[in-house]
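A.B. asks: If you scroll down you'll find the structure; I have some questions about it.
Bear in mind these aren't lab numbers, they're just calculated from the coordinates by the rules spelled out. Not measured: the values here are computed from a predicted model. As a convention, Cβ positions derive from the backbone with ideal geometry for all residues, glycine included, and neighbour counts pool all protein chains shown.
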Amino acid sequence: MTEPVTTELRKTPLNARHRASKARMVPFAGWEMPIEYAGITSEHMAVRTRAGVFDVSHMGEIEIAGKDAVAAVQRIACSDPSQLKVGQAQYSGLLTPEGTFLDDMIVYRMAPTHFLLVVNAGNIAKNYAWINQQVTTAGDAAAIDSSSRYALIAIQGPASREVLQPLTGVELTDIAPFWFSHGEVASARATIARTGYTGEDGYEIFVPPNMADRVWQAILESGRSADAVPAGLGARDTLRLEASMRLHGADIDESTTVLEAGLGWMIGWTNETFIGRDRLRAQKESGVSRRLVGFEMIDRGIARHGHRVVQGDTPVGVVTSGTQTPYLGKAIGMAYVPVAQSSRGTEIDIDIRGRVAKARVVPMPFYKRG
Amino acid sequence: MPYPDDRKYTKDHEWVRLSGDLAEVGITDYAQQQLGDVVYMELPAVGSRVIAGQSFGSIESVKAVSELFAPVGGEVVEVNGAVKDHPETINKDPHSLWIIKVRVSDPGETAALLDGSQYQGLLG
């Protein structure tokens with residue numbers, strides 16, 4: 001069976017709810033998603049100081065199971081998922097043989113031979129095709145794209161636990177960062193993971209799509225006294241950038257290696273079989289020629305994705321993400337620069353629509369919660 | 001927010017209020033809504049010339065960059081420093097806060113612009 005060709009945007013189970021809440025809806029990776037409700041700045045600040053609730057149901061879920069599921073996952077994930085306990089998760093990469101990113105993802109170990117991979121919305125079909133190809137060589141294991149079986153709701157921010165706890169019998173303090181547990185939220189079957197993409201403490205909650213609206217409403221209701229607010233993809237992007245989390249398609253892609261992206265810590269060198277390992281090993285020996293760095297603007301202006309880092313008239317690098325950050329109140333960003341310009345304190349020049357502005361290389365993350 | 005008739009509007013969502021040969025230029029409420037939280041403006045220097053229909057600067061929100069188009073041509077005689085330093089104020093009061101003042105070369109240029117109800121009609 002072939003998929004019908006359509007340009008129609010996909011909708012999450014919460015689409016009508018977002019519209020009723022007067023969210024501004026935009027196309028994102030083939031989905032119609034809320035970019036903001038009350039405003040990016042206020043939503044961003046709510047997450048840093050209280051709590052924000054995000055619909056991230058567009059994210060993809062790919063599950064791998066079977067007797068040889070560990071071998072299959074070890075092949076496609078550049079971390080070492082064999083080290084995960086059941087109930088534990090880790091940040092990982094789905095790499096090309098060149099050690100570059102098909103996608104980044106979180107790997108959850110659901111059972112000894114059952115893994116759930118949460119991948120980016122725009123990459124689901126590509127990832128699934130690739131994973132299927134690889135899994136067949138790993139023995140008795142199968143992959144399924146179960147994206148339509150989950151809605152995903154994130155609550156992020158210091159008040160997350162107090163907002164969520166009254167809705168569930170799961171003792172949330174027992175879930176450590178990057179662990180997860182099964183139970184119910186607002187009487188809906190749920191998997192509650194202590195993961196997120198904002199740099200704050202919080203939870204990502206997998207629920208059946210037909211329960212999404214009920215859970216969403218219950219969380220906002222429970223969050224009323226803590227002033228928790230719905231938050232859109234706009235705030236999600238500024239929050240993740242302050243926390244210097246990479247965005248696939250912007251900071252990392254099929255042209256950038258894990259080491260160039262400064263994500264060497266995610267590599268599970270104890271995993272002997274992952275695709276891309278040989279190239280990364282070699283690059284680790286020889287060293288990288290460019291590196292993703294964080295910068296702060298010195299001159300006025302905001303550097304954005306695609307702006308060039310220049311030396312005189314010569315482009316030497318590129319900005320991958322940049323914004324004026326609501327919480328830190330400065331213009332920051334990430335850029336690939338030659339190694340010679342990558343050390344902390346180095347001043348770099350960025351061509352902002354024809355005007356060259358100075359920026360300074362600073363350590364990442366820009367923001368770390370206290 | 002209504003679009004007052006004490007000024008004219010462009011299809012690019014700027015407004016211009018003329019008194020004598022001095023024109024105040026700002027952005028409309030619709031423009032600030034579309035932009036979202038404004039965080040930065042790049043504006044011309046006092047003394048520089050702007051041309052009707054052409055870009056005189058840019059305005060950036062957290063998520064996007066937009067060009068500012070001059071409703072009228074002339075010489076920039078003043079730049080609103082308070083707005084430049086606190087660009088977020090434009091979200092709250094777009095129709096009271098002018099961005100630049102221009103000494104217009106041809107006050108007749110405003111005749112081609114939209115009045116409040118025409119502009120409202122454009123927004124639908």
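A.B. asks: Quick query: amide H of A:ILE252 versus all other amide H atoms, modeled in the peptide plane; which residues come in under 5 Å with a sequence gap of 5 or more or a different chain?
C.D. replies: When sequence neighbours closer than 5 places are left aside, the close amide H contacts are A:LEU247.
A.B. asks: Which whole-Hz couplings ³J(HN,Hα) result when phi for each residue of the stretch A:359-367 is put into the Karplus expression 6.51 cos²θ - 1.76 cosθ + 1.60, θ = phi - 60°, listed in order with x for Gly and Pro?
C.D. replies: Per residue, the Karplus-derived 3J(HN,Hα) values read 9, 10, 6, 10, x, 10, x, 5, 10 Hz.
A.B. asks: Straight-line reach from A:LYS11: which aspartates and glutamates have a Cα under 18 Å away, not including same-chain ones fewer than 8 places off?
C.D. replies: Within the straight-line limit of under 18 Å, A:LYS11 reaches these aspartates and glutamates: A:GLU3, A:GLU32, A:GLU36, A:ASP55, A:GLU61, A:ASP145, A:ASP213.
A.B. asks: Ranked highest first by average number of other Cβ atoms within 10 Å, how do A:84-93, B:110-119, A:330-339 line up?
C.D. replies: A:330-339, A:84-93, B:110-119
A.B. asks: Quick one: which of A:237-243, B:3-9, A:136-142 comes out on top by average Cβ neighbours within 10 Å, and what's the full order, highest first?
C.D. replies: A:237-243, B:3-9, A:136-142
A.B. asks: By the gyration tensor of its Cα atoms, with a ≥ b ≥ c the square roots of the eigenvalues, what is the shape of the stretch A:289-362: rounded for a/c under 1.5, prolate for a/b over b/c, or oblate?
C.D. replies: oblate
A.B. asks: With runs of 4+ DSSP H residues as the only contributors, calculate the mean residue ellipticity of chain B at 222 nm using -39,500 (n - 2.57) per run, divided by the residue total and rounded to the nearest 500.
C.D. replies: -4500 deg cm²/dmol
A.B. asks: Follow-up. Given Cβ point charges of +1 (Lys, Arg) and -1 (Asp, Glu) and nothing else, what value in debye, to the nearest 20, does the dipole of the stretch A:60-147 about its Cα centre take?
C.D. replies: Here the stretch A:60-147 has a charge dipole of around 160 debye.
A.B. asks: Please name whichever of A:VAL119, B:PRO107, B:GLY47 sits farthest to the positive end of the charge dipole of the protein assembly as shown, dipole taken about the Cα centre and charges placed at Cβ: Lys and Arg +1, Asp and Glu -1.
C.D. replies: Positive-end residue among those listed: A:VAL119.
A.B. asks: Could you name the lysines in cross-link range of B:LYS92, using Cα to Cα under 30 Å and dropping any fewer than eight places away on the same chain?
C.D. replies: In chain and number order, the partners are A:LYS22, A:LYS330, B:LYS8, B:LYS11, B:LYS63, B:LYS84, B:LYS101.
A.B. asks: Sum up the charges of everything whose Cβ sits under 14 Å from the Cβ of B:GLN34, counting Lys and Arg as +1 and Asp and Glu as -1, but leave B:GLN34 out.
C.D. replies: Residues close to B:GLN34 contribute a combined charge of -4.
A.B. asks: Long-range amide H contacts for B:ASP37: which residues qualify at under 5 Å (H placed 1.01 Å from N, peptide plane, sequence gap of 5 or more or a different chain)?
C.D. replies: Residues meeting the amide H criterion: A:ILE40, A:THR41, B:VAL62.
A.B. asks: Would you mind checking which residues have amide H under 5 Å from A:GLY268's amide H? H placed 1.01 Å from N; only 5 or more apart, or other chain.
C.D. replies: A:SER79, A:ASP80
A.B. asks: In addition: Let me know the charge dipole size of the protein assembly as shown about its Cα centre in debye, to the nearest 20, where only the beta-carbon of Lys, Arg (+1) and Asp, Glu (-1) is charged.
C.D. replies: About 740 debye.
A.B. asks: Take every Cα pair under 8 Å in chain A that's 6+ residues apart, average their separations, divide by the length, and report that relative contact order as a whole percent.
C.D. replies: Taking the mean separation of contacting Cα pairs over the length of chain A, I get 18 percent.
A.B. asks: Okay, moving on. From the helices alone, meaning DSSP H stretches of at least four residues, give me the mean residue ellipticity at 222 nm for chain A, per-run term -39500 (n - 2.57), in deg cm²/dmol to the nearest 500.
C.D. replies: My calculation for chain A gives -5500 deg cm²/dmol from helical runs alone.
A.B. asks: Sticking with this structure for a sec: Among all the aspartates and glutamates, which ones have a C-alpha under 16 Å from A:LYS85's C-alpha, if same-chain residues fewer than 8 places away are not counted?
C.D. replies: By straight Cα distance, A:LYS85 reaches A:ASP174.
A.B. asks: Given Cβ point charges of +1 (Lys, Arg) and -1 (Asp, Glu) and nothing else, what value in debye, to the nearest 20, does the dipole of the stretch B:45-124 about its Cα centre take?
C.D. replies: 80 debye
A.B. asks: Please rank A:TRP265, A:TRP130, fewest neighbouring Cβ atoms within 10 Å first, as an exposure proxy.
C.D. replies: In order of increasing Cβ crowding within 10 Å: A:TRP265, A:TRP130.
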